[in-house]
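Asker: Below is a structure I'd like to ask you about.
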Amino acid sequence: MELINVRLSAGGNSIIILNQTRLPGKTEYKELCTAEEFYHAIYSLEVRGAPCIGIFAAYALAVLCGRIDTGSFEEFRSQLIRYKNYLNSARPTAVNLGKMLNRIESHAVTHKNLPIDKLKKELLSEAVSIHEEDKQMCFKISDYGLSLVKDGDSILTHCNAGPLATSRYGTAQGPFFLAKERGISLKAYCDETRPLLQGARITTYELSKSGIDCTLICDSMASMVMKQGLIDAVFVGCDRVAVNGDAANKIGTSGVAVLAKYYGIPFYVLGPSSTIDFSCRTGDDIEIEYRDSSEIKSLFFSGPVALPEVKCINPSFDVTPNELITAIVTERGICRAPYEDSFRKLFPEQFTKLL
Ligand code: MRU
């Protein structure tokens, strides 16, 4: 199964997305043109998953820059920054959003001496490079992830970190697809992932359409399946990882990590280095997104499941403390505690930049 989640239109003036809010019932592609449509797609989770948001935002900014009508680089850059800040405000937790927008801006600065028309083309090709790099990173992460498990293992997943949340393969779901290609049998237990059901709607969709053995469970059943000895490892993705290894991911992830520790099951976080925020010392520095209570009280139900006046909080992410994480799997290798030391060895250039 190869579904394309994000792609630039042939003329480079709009972006085609697969609307992930309609899955699994509808495979709906949408063409987006305006800054407001790009913002809405990120905010409403039509495009979602940290790497996919970053890829989409890079295309979006490059497309918007293509419409800036000026011959002056300074004016071009100030309009670029306005678009960048607007898109970046759509969701706060996934660091890839801001990082990829910054990368487009830096690329513009590096090429500021080009005529504006050529500069616009440069930005589009930088967005394409971001997309291509993600495909390669996902492959490497999947390969390292696969080395942590063996033929016949069963793995619990939370949320969705497959091809639709990234590019090809995915991160936390990548080892399943790679295993399938290599004739290795892995079985997935997928948390439904309340309240937006990314596990039920998207992860099981991707896995079962690819012929991978997967079983859907409610989030509240994770403890029971672990206790029954059905789970050999947990694979989750990440939206922002602090330098000490604390990892923000979809709400409910930290609870799964606590359960895994209790039952002695390895808990792995898989993500590209673009998801490590080298400016966050610990998980306390990570901003958690809060979303509308309708997502809990009515969105996926035929009628309300709580009175409208009932108070509700809807944090979209939580932070798993590094001591509950067995390893963090990146495209350059597998990091283990103490994570800062491990990150320093694999990503020395990031620490040089900080000095
Ligand atoms: O709110 P979402 O669906 O964008 O959240 C996505 C997740 O939490 C994923 O698990 C994470 O981004 C990793 S995607 C490779």
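The values are calculated or read from the model by the stated rules, or taken from the named source; none is laboratory data. Treat the numbers as computed from the prediction; the structure is a model and nothing was measured. Cβ sites come from the backbone with ideal geometry, for glycine too, and all protein chains shown count toward neighbours.
Asker: Tally the residues that are within 16 Å of the ligand (Cβ to nearest atom) and in a loop (DSSP other than H, G, I, E, B), restricting the search to the stretch 223-244.
Answerer: Count: 4.
Yes/no matrix, rows are residues, columns are (1) assigned by TED's automatic domain parsing to the domain that holds TYR263; (2) assigned to a loop (DSSP other than H, G, I, E, B); (3) not aliphatic (A, V, I, L, M):
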site: GLU126; (1), (2), (3): no, no, yes
site: LYS150; (1), (2), (3): yes, yes, yes
site: CYS159; (1), (2), (3): yes, yes, yes
site: LEU164; (1), (2), (3): yes, no, no
site: GLY170; (1), (2), (3): yes, yes, yes
site: TYR189; (1), (2), (3): yes, no, yes
site: ARG201; (1), (2), (3): yes, no, yes
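Asker: From the list SER294, SER298, SER302, which residue is more than 22 Å from the chain's Cα centre (by Cα), without any contact (Cβ under 8 Å) to a residue 24 or more places away in the chain and within 16 Å of the ligand (Cβ to nearest atom)?
Answerer: Of the residues listed, the single one that is more than 22 Å from the chain's Cα centre (by Cα), without any contact (Cβ under 8 Å) to a residue 24 or more places away in the chain and within 16 Å of the ligand (Cβ to nearest atom) is SER294.
Residue by residue, here is whether (1) in contact (Cβ under 8 Å) with a residue 60 or more places away in the chain; (2) farther than 28 Å from GLU132 by Cα; (3) crowded, with 24+ Cβ neighbours inside 10 Å holds:
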| site | (1), (2), (3) |
| --- | --- |
| SER154 | yes, yes, no |
| CYS159 | yes, no, yes |
| ALA172 | yes, no, yes |
| GLY183 | no, no, no |
| GLU192 | no, yes, no |
| LEU196 | yes, yes, yes |
| THR215 | no, yes, no |
| MET226 | yes, yes, no |
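Asker: Here is a check on your reading of the model: is ILE4 of a type in the set (Val, Ile, Thr), within 19 Å of the chain's Cα centre (by Cα) and surrounded by 14 or more Cβ atoms within 10 Å (Cβ to Cβ)?
Answerer: Considered against the rule, which asks whether it is of a type in the set (Val, Ile, Thr), within 19 Å of the chain's Cα centre (by Cα) and surrounded by 14 or more Cβ atoms within 10 Å (Cβ to Cβ), ILE4 comes out as no.
Asker: Can you report the number of residues in the stretch 113-133 which are more than 27 Å from the chain's Cα centre (by Cα) and either farther than 22 Å from GLU74 by Cβ or of a type in the set (Asp, Glu) (or both)?
Answerer: 1
Asker: So, GLY49, is that one modelled with pLDDT of 95 or more and within 14 Å of the ligand (Cβ to nearest atom) or not?
Answerer: yes
Asker: If you don't mind, there's one more thing I want to ask. Given the options TYR86, TYR59, name the one that is more than 24 Å from LYS118 (Cα to Cα), of a type in the set (Phe, Trp, Tyr) and either within 21 Å of the chain's Cα centre (by Cα) or modelled with pLDDT of 95 or more (or both).
Answerer: TYR86
Asker: Moving on. I'd like the residue in the stretch 249-276 that is within 26 Å of LYS345 (Cα to Cα) and surrounded by fewer than 20 Cβ atoms within 10 Å (Cβ to Cβ) and, out of all such residues, is nearest to the ligand (Cβ to nearest atom).
Answerer: SER273
Asker: Right, something else. Given the residues ASP318, ASP284, which is the only one that is modelled with pLDDT of 95 or more, away from the ligand (no atom under 16 Å from the Cβ), out of contact with any Leu (no Cβ under 9 Å at 6 or more places or on another chain) and not in a loop (DSSP other than H, G, I, E, B)?
Answerer: Exactly one residue qualifies, and that residue is ASP284.
Asker: Return yes or no: is GLU37 within 16 Å of the ligand (Cβ to nearest atom), free of Cβ contacts under 8 Å to residues at least 40 places away in the same chain and closer than 29 Å to ALA248 by Cβ?
Answerer: No.
Asker: Determine which member of the set LEU114, LEU124 is within 25 Å of CYS65 (Cα to Cα) and touching a Gly at 6+ places or on another chain (Cβ under 7 Å).
Answerer: The conditions single out LEU124.
Asker: Let me ask another. Can you tell me which condition SER220 does not meet? The list is (1) touching a residue at least 12 places away in the same chain (Cβ under 8 Å); (2) part of a helix (DSSP H, G or I); (3) of a type in the set (Gly, Ala, Ser), and all the others hold.
Answerer: (1)
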